[in-house]
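Here the structure is laid out as structure tokens; the discussion comes afterwards.
The values are calculated or read from the model by the stated rules, or taken from the named source; none is laboratory data. Predicted model only: the values in this text are computed from it and were never measured. Every residue, glycine as well, gets a Cβ built from its backbone with ideal geometry; the counts of neighbours run over all protein chains shown. Accessible surface areas use protein heavy atoms only, side chains included; no ligands, DNA or RNA. Shrake-Rupley method; radii C 1.70, N 1.55, O 1.52, S 1.80 Å.
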Amino acid sequence: MKRFSLLLIASALLFGCATPQENRSAGHVVIPANVKLGQTTWVPGEGDIRDLEAQVGFLFLNPDLRLTGLPELPPPYPLGDYLVRYTVAGPADQPYILGEAVHRNRPEAATHLDPTSPGFDPKQAKGPMYFTLLYDVKTSTIREIHFNMR
């Protein structure tokens, strides 16, 4: 019996160590844009962002061709380590959610979620601590997550 208990504890520790990182949500803000769906201006809700971030988190753990710009995959930081500004773009019949993400440890993170700040400059924001994303609202699909490594 004692041996069985030790085996169970060892198995739990082994499988616990092999479990992927928790996929927690990024800190975020949604900045309204002038995209009209029908007669009303559409702004993504928390449910839309939750669905989008579930896909981003999945791609971080299971990268495919939509995740670009990194020399090695998967990304070195989990989604929950980033702050993301979301906004809507595109024509009314084909809206997209755009995301600009900065790692929480970067100096510009202090103002990144302020809708009045300009966000980060993609030409200066290089490395795995910054990424942009494009989400197709109509198909509920991540089109691209791009880390600017150049």
TODO: Whenever you get a sec, line up 149, 129 from highest to lowest accessible area (probe 1.4 Å, protein heavy atoms).
DONE: 149, 129
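Whenever you get a sec, line up 100, 53 from highest to lowest accessible area (probe 1.4 Å, protein heavy atoms). Each step should come with its number before you reach the end.
Values: 100 55, 53 10 Å².
Listed by decreasing accessible area, they come as 100, 53.
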Task: Extended-chain gain in nm, criterion 0.36 nm per residue less alpha-carbon gap, residue 43 and residue 55 - done: 2.4 nm
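Rounded, prolate or oblate: pick one for region 29-150, where a ≥ b ≥ c are the square roots of the eigenvalues of its C-alpha gyration tensor, a/c under 1.5 means rounded, and failing that, prolate if a/b is larger than b/c, else oblate. All intermediate terms of the calculation are to be shown ahead of the outcome.
On the way: a/c = 1.93, a/b = 1.34, b/c = 1.44.
Here region 29-150 falls in the oblate category.
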- [ ] Calculate the length of the line joining the C-alpha centroid of region 46-83 to that of region 93-150, in whole Å.
- [x] 11
TODO: Enumerate the residues in region 57-82 having an amide nitrogen under 17 Å from the point lying 7 Å beyond the Cα of residue 149 toward its Cβ.
DONE: 60-78
- [ ] Multiply the residue gap between residue 66 and residue 116 by 0.36 nm, knock off their C-alpha separation, and tell me the result in nm, one decimal place.
- [x] 15.0 nm
